[in-house]
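Notes follow once the structure below has been shown.
The values are calculated or read from the model by the stated rules, or taken from the named source; none is laboratory data. Model, not experiment: these values are computed from the prediction. Don't worry about glycine lacking a Cβ; one is built from the backbone with ideal geometry, like all the others, and counts go over all protein chains shown.
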Amino acid sequence: MENILHIADLSKTYQSAGRTLTVLDNINFSVTAGSTNAIVGPSGSGKTTLLGLCAGLDRSSSGIVELNGINLGNMSEDKRAQVRNQYVGFIFQNFQLLPTLTALENVMVPLELRGERNIKARALDLLDKVGLAERSHHYPTQLSGGEQQRVSLARAFSNQPKILFADEPTGNLDAETSEKVIKLIFDLNKEAGTTLVVVTHDLELAAKTQRIIRIKGGKLVSDEKTSVNV
Ligand code: ADP
């Protein structure tokens, strides 16, 4: 199977008060197109940093990050943004919707940035997919956490991403709402073949994926298939 993501000898360090802090230490793994993967580990172990590097949101200190065969290693922020626009969807624990824009406008932003046509109709379509067409004119503060996360999913789906990165997507949601959001994410994987890489504390969510990668103290400590069929 084709690899959509390939990580080799990946490290990330920060300089702080004259000292070098190693946050990720020589990480290696590849992700097959269409697969579902969880990254788990204690708080502060480097999961969010790792996801950001994989998605091209941030730049590594050393090592290789290849997304869809494109090496993000030495790319400028602008070039990485282009690759993200083309292939990547990203959702965050705290949704990261723009507060001054309605649900519809939030979903329209990436469509507009890509210079697409009929963006209003397409954004409405996307909101409909996540069951929020009737909330399109609501602002983020007028929506529940679950609704905000569904808007952010509609936004993430807008470029039909090859790979969806999700950082604690259910971290701020109650159990019932989490179920809805998780179902939408896995439906996208089943229907469109979108690869999923999710950082989570929720072991039930992790167990729904095909593979669990465990990070501790910036190192990959285990990488195991679950009983979920490929
Ligand atoms: P996790 O997602 O597993 O909780 P993070 O990736 O958020 O872990 O953070 C890993 C470590 O990197 C933490 O110790 C954090 O303080 C440190 N860190 C993250 N970002 C920065 C930064 N910009 N500067 C310095 N240290 C950072």
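So here's what we get for this one:
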| item | result |
| --- | --- |
| Strands (runs of 3 or more DSSP E) wholly inside the stretch 151-226 that include at least 1 residues being more than 15 Å from the ligand (Cβ to nearest atom), over 16 Å from the mean Cα position of the chain (by Cα) and free of Cβ contacts under 8 Å to residues at least 60 places away in the same chain | 219-225 |
| Looking only at the stretch 6-28, and only at residues there that are more than 16 Å from the ligand (Cβ to nearest atom) and not acidic (Asp, Glu), the one that is nearest to the chain's Cα centre (by Cα) | 6 |
| Filtered residue count, the stretch 140-150, keeping only those that are in a loop (DSSP other than H, G, I, E, B) and surrounded by 17 or more Cβ atoms within 10 Å (Cβ to Cβ) | 1 |
| In the stretch 92-107, the residues that are of a type in the set (A, V, I, L, M, F, W, C) and modelled with pLDDT of 95 or more | 97, 98, 101, 103, 104, 107 |
| Enumeration of residues in the stretch 43-62 that are surrounded by 20 or more Cβ atoms within 10 Å (Cβ to Cβ) and either acidic (Asp, Glu) or part of a loop (DSSP other than H, G, I, E, B) (or both) | 45, 46, 55, 56, 60 |
| Residue tally, condition in a helix (DSSP H, G or I) and farther than 13 Å from residue 158 by Cβ, over the stretch 88-107 | 0 |
| Qualifying residue in the stretch 6-17 (condition: over 22 Å from residue 74 (Cβ atoms) and touching a residue at least 12 places away in the same chain (Cβ under 8 Å)) | no |
| Residues of the stretch 29-58 satisfying the condition of being within 13 Å of the ligand (Cβ to nearest atom) and over 16 Å from the mean Cα position of the chain (by Cα) | 41, 42, 43, 44, 45 |
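Condition check ((1) buried (at least 20 other Cβ atoms within 10 Å of the Cβ); (2) outside any loop (DSSP other than H, G, I, E, B); (3) without any contact (Cβ under 8 Å) to a residue 24 or more places away in the chain) across all residues:
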| residue | (1), (2), (3) |
| --- | --- |
| 64 | no, yes, no |
| 75 | no, no, yes |
| 86 | no, yes, no |
| 120 | no, yes, yes |
